[in-house]
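All of the numbers you see were taken from the coordinates with simple rules; none came from a lab. Owing to the predicted nature of the structure, the values given are computational and were not obtained by experimental measurement. No Cβ is skipped: glycine too gets one built from the backbone with ideal geometry, and neighbour counts run over all protein chains shown.
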Amino acid sequence: MPAPAVFTRTPTARDRRQDLLLAVVMLVGAVISAALSSISGLYRDEQAPLSWALLVAVGVSAPLIVRRRYPALVAVVIALVMFISVTLRVPEVYATNIAMFIALYTVGAWMNDRRRAFFVRAGIILGMFVWLIIVMYRDAIDEADKAEVAAGLFSPFVAFMMLNLLINVLYFGGAYYFGERSWHAAAQRSALEQRTRELEAEREITAAQAVALDRVRIARELHDVVAHHVSVMGVQAGAARLVIDRDPDEAKRMLSAVEDASRAAIGDFRQLLETLRDPGDSGDDEPSAVGIADIERLARASTDAGLPTAYTEIGDPVAVPSTVEVNLYRIAQEALTNARRHAGADATADVRLRWNADALELEVVNTGRTVGVLRPGLGQLGMRERALASGGEIELQPRPQGGFRVRVAVPIAAAGDFESPDLRHPRPGGDQLNDPKAGRRAVV
C-alpha cells in the first residue's frame, strides 16, 4: 500500500480573486478608518499627518492580494507596517489590527511548511508582546507622577494595562488557533476526498473484475456446452454415415441420438441466455440446473456416443451446494468429451463418485492413446477453475499405460447438517447393482 501523500494547500484562481477583493475592501476600510481617526485626534498632539495614514492603509492592504501564496512574507510585512504605524502615532489602528489578524491566520491556515509556520507566528507574536511590554513600561514611567499610578495594584492605569494585555493575548491567540483549525480542517477534507477517490477507483476496479469474472464464467460454460454436445453429435453422425448402408436401423438410432444431443444443446443455450438476461436473486454462481445426479446420465450418454463408460458411486450421499454439483458435473462432462476426442477408437472410460467422510471425490479415467506431452487447453483450464471455485483440488495426469486420469476432491460438511440429496435430486432410472454393505451403485 503506498504511503499517504503529504498534505499541501495551493490557492485556486477563485481563492486569488477573493484575496484581491479582500485587499480592495481592506483598503477602503483603512482609508475611512484613517480619515475618522485623524479627525477625532486619536493621538492628540503627537498624531502623524493624514498622508502617512494613507500610506499605512496601502501597506496593510496591498500584501493581502498574495496572502495565500506568500503567507509568511505577508505576515512579516504587515507586522512591520503595524509596528511603524503605532510607533510614529499614525492615526489608523483598526484596519491595521484586522489586517494583522488575517495575516497571522493565513500563516496558520495556508503555509505548507508547518515548522516554519510555527516559527513565523511565534516570532511575530513574541516580538509584538516584547514591544507591548516596552510601550507599557514607557507609559508607566511617563505616568509615574500621577495619582492613578500610586493608587494601588488595581489602579485605573494598571487595570487599563492589564486589559490591554488580555486583549492582545486573545487577539494573537485567536489568530493562531483559528489558523491551526483551518489547516487541520482542510487536511481532513483533503484526506476524505482522497479516500473517496480511492474508493471510487476501487469500485471501478471491482466492477471491471466482476465483468471479467462473468466473461470467464460464461466462456467456460459455453465451452463446456459446445464441446460436449458438438462432440457427441459429431461422433454419432460419423458413425451413422458409416453404417447407414448395412444397418439402417442402427443408423437411425444414432441419428436419433444426434437429434437428442442437439435438443439438449439448445436447452442448455436457452438456460444460459435466460440467466444472462435475468440473473435473478437465487445466489447461484452457475447458469445451469445440472448436478451430481446427472453424472450417471452423462455416463450413459457417453456410452451411446461411442465411448463405453462405467459409472460407480460409493458411499452415502450428502447434500452439497448447487455450485459444487454443477462444477463436478461439468468436470466429468469435459473429461469424457476429451476422452472421446483424443483417446482413440477402442478406448473405454470409468467414472467414479466417492462420498468420503470429509470430501467428495470424482474420478474419471479413460484408456486409449498414450499422452506424451500434456498441452493445457481451455478444457483443462476450465476444469481447474471449477475445482478451485468449489474449494477443492484437481489432478490432471496422463496414465503410463495409456489414457488419462482426472481426479477432483471437494471438502464437504458432515452428513447430518444437510438433507438427503436423494430428496432434492431424484436419481435417473437404470439398471443398478446395489451393495448395502458398501453403499455402492454401479451402472455400465
Task: Translational diffusion coefficient (Stokes-Einstein; Kirkwood radius from C-alpha pairs) of the range 13-200 at 25 °C, 0.890 mPa s, in µm²/s - done: 134
TODO: Report, in cubic angstrom per residue, the convex hull volume of the C-alpha atoms of the range 300-400.
DONE: 106
TODO: Report the full-extension gain for the segment Arg354 to Glu204: residue separation times 0.36 nm, less the Cα-Cα distance, to one decimal in nm.
DONE: 49.7 nm
Task: Sorted by Cβ neighbour density within 10 Å, fewest at the top, the residues Val169, Val56, Val324, Val158 - done: Val169, Val158, Val324, Val56
- [ ] Along Cα→Cβ, 7 Å out, is where each label goes; now give me the distance between the ones at Arg17 and Phe160 in nm to one decimal.
- [x] 4.8
Open item on the list: Taking the beta-carbon count within 10 Å as an exposure proxy, list Asp247, Asp294, Asp350 from fewest neighbours to most.
Closed with: Asp247, Asp350, Asp294
Task: Dimensionless Rg/Rh of the range 48-132 - Kirkwood Rh, Rg from C-alpha atoms - done: 0.98
Task: Within the range 300-333: backbone nitrogen closer than 15 Å to the Gln271 label point (7 Å, Cα to C-beta) - done: 322-333
Open item on the list: Please arrange Arg217, Arg189 by how many other C-beta atoms lie within 10 Å of their C-beta, fewest to most.
Closed with: Arg189, Arg217
Task: Neighbourhood net charge (13 Å Cβ-Cβ; Lys/Arg +1, Asp/Glu -1) for Ala122 - done: +3
TODO: Grab the alpha carbons of the range 163-257, take their convex hull, and tell me the volume per residue in Å³.
DONE: 62
